[in-house]
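Q: Structure below; questions to follow.
The values are calculated or read from the model by the stated rules, or taken from the named source; none is laboratory data. Predicted model, so just to flag it, every value in this text is computed and none were measured. Every residue, glycine as well, gets a Cβ built from its backbone with ideal geometry; the counts of neighbours run over all protein chains shown.
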Amino acid sequence: MLLTIPIPEGQQSVHLPPGTLDWSEDVFFRFCQANRDLRIERTANREIVVMSPAGAYSGYRVMEVARQRGSWAKTDRTGVAFDSSTGFRLHNGAMRSPDAACMRLSRLQELPHQEKEQFDPLCPDFVIAVASPSDQISTLREKMREYVEAGSRLGWLILPASKQVEVYTPSEPNRVRVARHPERRVCSPWVHTGVSAYPEAAILSRRPDKILR
């Protein structure tokens, strides 16, 4: 299924109001699969958001997150890492695609094979968003809170422009800013929120300079 949705010059995304494309989950999935060059999400009120591909430097930062995340998953073997092309269906009806995500392997193994081939109906345990110059930070913050409300145990919003990391957890709804030495500080919320057995924070924080520069 190919649907042409032009993105006007100077804009990074197009928002299709609820009801514009009143599709079933299966049809929406096939639409996203047929338009892999675009990043597509759905909000809780069923508004469809179509985003253009990332710029080169933003793509590099997301790739570096994915590389470190994949290295952790291969070594640790207790969790599964996902890249930015993976869709997750949240309990509020939204479908989101974070820049990086991780889930405990035991949770993923509970899903039937057919569900693993479509948008994951489970909210990731750990989500990461890397802000690009064109992103609205307020929108990214709303998404991070949405993930935590849906069941994520830890969320990082990486802000390269200001060299900060905002940390979101269920027990601490207020964001935590990390301006210096994230390799020392970002791990702290991981340890103190009962998820120390899922230590990806230690892997990602070893080379924050690659992501934050």
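Q: Working only within segment 60-71, note down all residues that are under 20 Å from residue 107 (Cα atoms) and surrounded by 21 or more Cβ atoms within 10 Å (Cβ to Cβ).
A: 69 - this is the single residue of segment 60-71 that is under 20 Å from residue 107 (Cα atoms) and surrounded by 21 or more Cβ atoms within 10 Å (Cβ to Cβ).
Q: Same structure again: Condition first: crowded, with 18+ Cβ neighbours inside 10 Å and either outside any loop (DSSP other than H, G, I, E, B) or basic (Lys, Arg) (or both). Now tell me which residues in segment 127-139 satisfy that.
A: The answer is 127, 128, 129, 130.
Yes/no per residue for (1) over 23 Å from residue 102 (Cα atoms); (2) part of a helix (DSSP H, G or I); (3) not basic (Lys, Arg):
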{"position": "23", "(1), (2), (3)": "yes, no, yes"}
{"position": "40", "(1), (2), (3)": "no, no, yes"}
{"position": "46", "(1), (2), (3)": "yes, no, no"}
{"position": "64", "(1), (2), (3)": "no, yes, yes"}
{"position": "75", "(1), (2), (3)": "no, yes, yes"}
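Q: Of all residues in segment 155-169, count the ones that are more than 16 Å from residue 59 (Cα to Cα) and assigned to a strand (DSSP E or B).
A: Number satisfying all stated conditions: 7.
Q: Every residue in segment 109-126 that is part of a loop (DSSP other than H, G, I, E, B) and of a type in the set (Asp, Glu), please.
A: Hits for segment 109-126 are 110, 117, 125.
Q: I'm trying to understand the selection: among the residues of segment 72-91, which are in contact (Cβ under 8 Å) with a residue 24 or more places away in the chain, in contact with a strand residue (DSSP E or B) (Cβ under 9 Å, 6 or more places away or on another chain) and over 20 Å from residue 121 (Cβ atoms)?
A: 72, 73, 78
Q: Inspect segment 174-186 for any residue being more than 18 Å from residue 81 (Cα to Cα), at pLDDT 85 or above and outside any helix (DSSP H, G or I) and give the result as yes or no.
A: no
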